[in-house]
Amino acid sequence: MTGGGRRPASGMRRFASRTIFGPDGTRWLVQEVEDPYSRRSNRSLVFSSDTVMRRVRSYPAHWLELSETELYALSFAR
């Protein structure tokens, strides 16, 4: 699934995306993106809501198969 009109920042390449809902009902767009300018890891998951954005650089390859609860918990990983 893709969500709203949200797109990654300029220069980022988007791969898979999925929309989930947090425990409080907040809608999150989860996108796997590649950042060619990153020194750490060029692929990451970006979690974005209307008011918050989180980036997770270390995540399982099967993230699309995770439940909404598991994926939401992953959004707090460092």
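Each residue in ASP24, ASP50 was given a count of other beta-carbon atoms within 10 angstrom of its own, and listing them fewest first yields ASP24, ASP50. Note on segment 13-74: with charges restricted to the Cβ of Lys and Arg (+1) and Asp and Glu (-1), its dipole about the Cα centre is near 380 debye. For segment 68-73, backbone phi angles converted through the Karplus equation (6.51, -1.76, 1.60; θ = phi - 60°) give residue-by-residue couplings of 4, 4, 5, 5, 4, 4 Hz, Gly and Pro being listed as x.
Model label sites at ASP50 and SER67, defined 7 Å from Cα along the beta-carbon direction, differ in position by 2.7 nm.
Read-outs: derived from the displayed coordinates by stated rules, not from any lab. All values reported here derive from a predicted model rather than from experimental measurement. For neighbour counting, all protein chains shown are included, and Cβ atoms are generated from backbone atoms with ideal geometry for every residue, glycine included.
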